[in-house]
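In what follows, a single structure is set out as structure tokens and then discussed.
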Amino acid sequence: MAADMRLPRVRKTLSVSESASHRRDLVVPGDIITSDTGFMRGHGTYVDDDKLTASVAGEVQRVDKLICVRPLKTRFNGEVGDVVVGRITEVQQKRWKVETNSRLDSVLLLSSVNLPGGELRRRSAEDELTMREYLQEGDLISAEVQSVFSDGALSLHTRSLKYGKLGQGVLVQLSPSLVKRQKTHFHNLPCGASVILGNNGFVWLYPTPGQQEEEAGGFYTSLEPVSLADREVISRLRNCLLALAAHKVLLFDTSLLYCYESSLQHQVKDILKPEVMEEIVMLTQQKLLEQEG
């Protein structure tokens with residue numbers, strides 16, 4: 001059995017920016033955000049001796065006079081329009097329960113999915129009996145948040161053809177706070193794979209599909225064998241995602257692509273070694289800073 005042995009060495013402390021360690025928008029519990037009484041108290045804050053104080057560790061966000069702290073590590077708090085990747089956990093009457101990394105299971109109503117063939121009609125008792133033919137326990141889906149119930153549970157829909165049942169690919173579960181909010185969360189990367197960056201921290205990597213049959217209504221999943229080259233690209237992207245998440249780098253299509261390009265000089269299995277991971281992430285951060293500058 002082959003064993004990978006490495007000798008200990010002194011690790012250099014690298015810094016991309018000197019100002020990064022003195023960021024004023026990052027706070028820990030007990031930090032005073034402001035002593036100005038003109039600001040309103042938002043989530044993650046409390047008032048102590050007329051001073052607005054952080055109650056969680058996270059990033060300070062200001063909207064006009066409202067101050068809140070967005071936790072760095074938390075469950076997914078969904079908003080209308082968020083793209084999510086989830087797993088079916090239960091089939092109930094006229095609805096599916098979906099695990100979306102939030103505090104409560106999300107709900108996908110039978111009336112909120114496209115029927116196979118794209119038919120537009122009322123859902124009948126026959127549709128209710130054949131719900132497991134559409135989606136069953138364990139299936140992965142991509143969906144959009146349609147509304148938020150009063151108890152915080154999310155109502156999902158898959159009425160667009162870009163949403164629906166997911167086929168062959170790899171699911172990577174990360175912190176929701178690391179996924180950057182964008183106009184689109186579906187990306188076809190030039191390296192030959194595609195990614196769905198769910199706002200809930202679930203990221204789906206899969207081979208870039210060809211022509212998809214529109215008659216499927218979002219339930220078509222290709223079961224053709226995935227080539228070795230595509231599997232290697234997906235594995236490399238998966239390790240790049242884990243490396244970026246370990247160093248708390250914001251995840252979006254550009255950062256993932258830069259990280260992929262920086263990792264090409266290493267083998268896929270070596271990317272998660274601490275010293276290689278640090279080198280790749282440092283190169284990625286430098287490219288992102290050059291792009292911004």
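The values are calculated or read from the model by the stated rules, or taken from the named source; none is laboratory data. The model shown is predicted, which means the values in this text are computed figures rather than measured ones. Counting neighbours? That spans all protein chains shown, and the Cβs are built from the backbone with ideal geometry, glycine included. Heads up: the accessible areas ignore ligands, DNA and RNA and are worked out on the full protein's heavy atoms, side chains in. Shrake-Rupley method; radii C 1.70, N 1.55, O 1.52, S 1.80 Å.
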Can you tell me which residue within segment 166-181, out of those that are in contact with a helix residue (DSSP H, G or I) (Cβ under 8 Å, 6 or more places away or on another chain) and assigned to a strand (DSSP E or B), is farthest from ALA243 (Cα to Cα)? VAL170
Would you please list the contacts, defined by Cβ atoms under 6 Å and residues six or more apart or on different chains, that run from a residue in segment 50-66 that is closer than 14 Å to PRO29 by Cβ to a residue that is open to solvent by less than 50 Å² (accessible area, probe 1.4 Å) and not β-branched (Val, Ile, Thr)? SER55/GLY44; VAL56/GLY44; VAL56/PRO71; GLY58/PRO71; GLU59/ASP25; VAL60/ASP25
In segment 95-117, anything over 12 Å from GLU144 (Cβ atoms), in contact with a Ser or Thr (Cβ under 8 Å, 6 or more places away or on another chain) and at pLDDT below 90 is listed as ASN114
Residues that are touching a strand residue (DSSP E or B) at 6+ places or on another chain (Cβ under 7 Å): find the helices (runs of 4 or more DSSP H) completely inside segment 218-293 holding 3 or more of those. 228-246
Among the residues of segment 114-136, is any touching a Phe, Trp or Tyr at 6+ places or on another chain (Cβ under 7 Å), part of a strand (DSSP E or B) and either small (Gly, Ala, Ser) or surrounded by fewer than 18 Cβ atoms within 10 Å (Cβ to Cβ) (or both)? no
Residue selected from segment 182-206 under the condition in a loop (DSSP other than H, G, I, E, B) and free of Cβ contacts under 8 Å to residues at least 40 places away in the same chain, by the criterion most open to solvent (accessible area, probe 1.4 Å): LYS183
Looking at the structure I just gave you, is GLU90 farther than 30 Å from HIS43 by Cα and part of a helix (DSSP H, G or I)? no
Go through the residues of segment 160-167 one by one and say whether even a single one is among the aromatic types (Phe, Trp, Tyr) and out of contact with any strand residue (DSSP E or B) (no Cβ under 6 Å at 6 or more places or on another chain). no
Residue in segment 153-160 that is in contact (Cβ under 8 Å) with a residue 12 or more places away in the chain, of a type in the set (D, E, K, R) and within 14 Å of VAL84 (Cβ to Cβ) present: no
What do you reckon, is ASP139 under 26 Å from LEU251 (Cα atoms), in contact with an Asp or Glu (Cβ under 7 Å, 6 or more places away or on another chain) and either open to solvent by less than 70 Å² (accessible area, probe 1.4 Å) or modelled with pLDDT of 90 or more (or both)? no
Does VAL63 meet the test of being among the β-branched types (Val, Ile, Thr) and open to solvent by 60 Å² or more (accessible area, probe 1.4 Å)? yes
Report every pair of residues separated by at least 6 positions or lying on different chains whose Cβ atoms are under 8 Å apart, first residue within segment 277-292 and touching a residue at least 24 places away in the same chain (Cβ under 8 Å), second buried (at least 18 other Cβ atoms within 10 Å of the Cβ) and not in a helix (DSSP H, G or I). MET277/ILE271; ILE280/SER263; ILE280/ILE271; VAL281/VAL249; THR284/VAL249; GLN285/VAL249
So, in segment 83-94, of the ones that are out of contact with any Ser or Thr (no Cβ under 9 Å at 6 or more places or on another chain) and open to solvent by 10 Å² or more (accessible area, probe 1.4 Å), which residue ends up nearest to ASN200 (Cα to Cα)? THR89
